[in-house]
Structures are given as C-alpha cells and as structure tokens.
Amino acid sequence: MQKNPSINRRRFEIGKSLPFWLILPTIIVILIVQVYPALYTLWLSFQEREPQGWNYVGFKNFERLFGTGLFPESIGHTAIFLIGYTALTLTLGFFIALMLKRNVPMTGFYVTILFIPWIISDIITGLVFRLMVSPDYGLFSGFLEDRGISVLIDSRPESLIGNFPFPPAPAMIFLILAASWRALPFITLLILAALQTVPSEVMESARIDGANGIQITQHITLPLIMPAMVVALFNLTLGGMNGVGMVFSLTGGGPGTATYVLSYFLYVLGWGQLRFGRAAALALLIAIVNWFLIYLVLRTTRINAKEQ
C-alpha cells in the first residue's frame, strides 16, 4: 500500500519546522528578560519624569550626565577598581591553583574551605568587611589607627595625575581586597580545572630539556590555559563593572565620593534621586563600556594567540 504523498509532505514540513518550535519558549524568555528591558531602557534614556507623566527630552539626560562632576570621577574610580580587582584576583587565583595542583595533603579540604566565600552574597561580604574596620569595634581598626589609617573616614589623597583619582583612598583599596576575596574561589577553581588538562608529558619533556619552573609556566602552562584565563577575565571584568552590592554595604560610595564607581552612581541616580531618565542614560553608557571591554579582551587574546 503506497503512502499518500501529501502526508509525506506534511511530515517533512513538520520535521523541518520542529527545531523552531522547540526553541520558541527560549526565544520568548529572552525577549521578555533581555530584549524588552534593553529597548525600554533605550526609550527611558530620552525621557524625563514630570508630574503629568513622561516627557521626551532628547539627549538632555546625556548632557546633564556629562555635566556633573561625579561622572568623570566615577569613571576614574571604576578604572582603578577594575585594574586592581582583576589583577589581584587573577594573580592570586593562578598561584593558589598552582599550589593545589601539586597534590598537597588535604587538597580536597582546602578546596572546600576555599569555596566558602563564593557562596556568600556581596551584601553580606561587604557588611562583614565593614565590621572589620569599624572605628569603634573593628577587628583591624586598632592596628590601622596606630598607623594613622581609617578606612571608613580617610578621604582620597591629593591626586598625582591631574583629576584622575590616583592614589586611591584606603576605602577603595579595602573594597578591592574584599571583592577579590569574594571572587577568588571561583577564579581559582576555574584555573585549577584548566591546569588539570595540561599534559604531564609536556611538562616532563620541558624539564628534561632544561627548562626551569618560570620558563615552563611562561611558555607552556599559561598558553595552554589561556582560554580559561580569558573566561576568568570576562567574569571579573563584567562582574566588577556591574556589581553594586558590595559598594553599597561596605562603603556606601564614601568616604565622600572616594568609592563612587559607575554602578553605584547608577544606583544613586535611579533609586536614590529617582532620576530614572539619567539612570537609563548611564546604564546605556555602561553597556557600551562593557561591550568595549569585551572587544578589547578578545582582541588582545587573539593577538597573543597569533604571536604564540
């Protein structure tokens, strides 16, 4: 008995369109949680809230944002925070992963203990670190005060590079330490997993050829784990750029404006001053900076890969 050609054609059409219907729920979710908020933020950046409702103001929100002194200052603070945060976390994570890879006794226990900070939220981490340096009862307040340092009170020293906020205030340095402590477990485990994939035969061959530990790390280990390092750098850069919880709970942007990073400035504009139009404009600028940082990291790693 021959099958009806129309039935075969219908089955073929259903099978051809089946992948679309399978991913349709995912597309709908993405449209709801990503595309719609992005388009709404774009619309909101050209609006200003008035008693009678929203009013179109064009690029005035951007002009007002550029006109405030906090905007360039927060860019400088963000740059210092990102450089210190990523450099410190990547460096410590790499060396701790190298030590754990040597199969020291109780490695599993150390890995378990190391992962504890990662399960603590940014807000709680900031509160705990704030209590450590509280002038009245902080764990380290006495030690720091004997050396003339008060993390939560001392303002930023006089800048050495024009209006760029360098050197940073003690609060910014302490914020970098707290953020690195929070992110260090994930970065360490990520690098450790990458180190486990490095062939031991290659390492042994290099040692037989007379390479020392530094040469092996520079010419063998780092190139082989570079994809994992790029992922770690992505995670740190985007997390540091957009995170606001630890700044909110640890320093509150202070002392003064010494730790006013872009993400906290966005929070203050939106929820502190209820200037949603300017906050949306700043959110768009932060998104552009995120895209630029991603492009810069990808371009740098591609250039390094070609040179190697």
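Restricting to segment 76-105, and then to whatever is closer than 23 Å to residue 165 by Cα and not aliphatic (A, V, I, L, M), can you tell me which residue is farthest from the chain's Cα centre (by Cα)? Per the criteria, the residue is 76. Each residue in segment 180-202 was checked for being out of contact with any Ser or Thr (no Cβ under 8 Å at 6 or more places or on another chain) and of a type outside the set (Phe, Trp, Tyr), and 14 of them qualify.
In segment 127-143, the residues that are more than 9 Å from residue 250 (Cα to Cα) form Cβ pairs under 6 Å with partners that are at pLDDT 85 or above and not in a loop (DSSP other than H, G, I, E, B), at six or more places apart or across chains, as follows: 138/132; 139/132; 140/132. Among the residues here, residue 81 qualifies as assigned by TED's automatic domain parsing to the domain that holds residue 282, hydrophobic (A, V, I, L, M, F, W, C), touching a Gly at 6+ places or on another chain (Cβ under 8 Å) and assigned to a helix (DSSP H, G or I). Among the residues of segment 44-55, which ones are touching a residue at least 24 places away in the same chain (Cβ under 8 Å) and either part of a helix (DSSP H, G or I) or of a type in the set (Gly, Ala, Ser) (or both)? Those that are touching a residue at least 24 places away in the same chain (Cβ under 8 Å) and either part of a helix (DSSP H, G or I) or of a type in the set (Gly, Ala, Ser) (or both): 44, 45.
Return yes when residue 211 is farther than 19 Å from residue 78 by Cα, assigned by TED's automatic domain parsing to the domain that holds residue 92 and at pLDDT below 85 and no when it is not. The answer is yes for residue 211. Within segment 270-277, the presence of a residue that is assigned by TED's automatic domain parsing to the domain that holds residue 73, farther than 22 Å from residue 42 by Cα and either in a helix (DSSP H, G or I) or touching a Pro at 6+ places or on another chain (Cβ under 7 Å) (or both) is excluded.
Might you let me know whether segment 56-68 holds any residue that is of a type in the set (Asp, Glu), touching a Phe, Trp or Tyr at 6+ places or on another chain (Cβ under 8 Å), part of a helix (DSSP H, G or I) and at pLDDT 85 or above?
No.
The values are calculated or read from the model by the stated rules, or taken from the named source; none is laboratory data. The structure presented is a predicted model; accordingly, all values stated were derived computationally and were not measured. Note: ideal-geometry Cβ built from the backbone for every residue, glycine included; neighbour counts use all protein chains shown.
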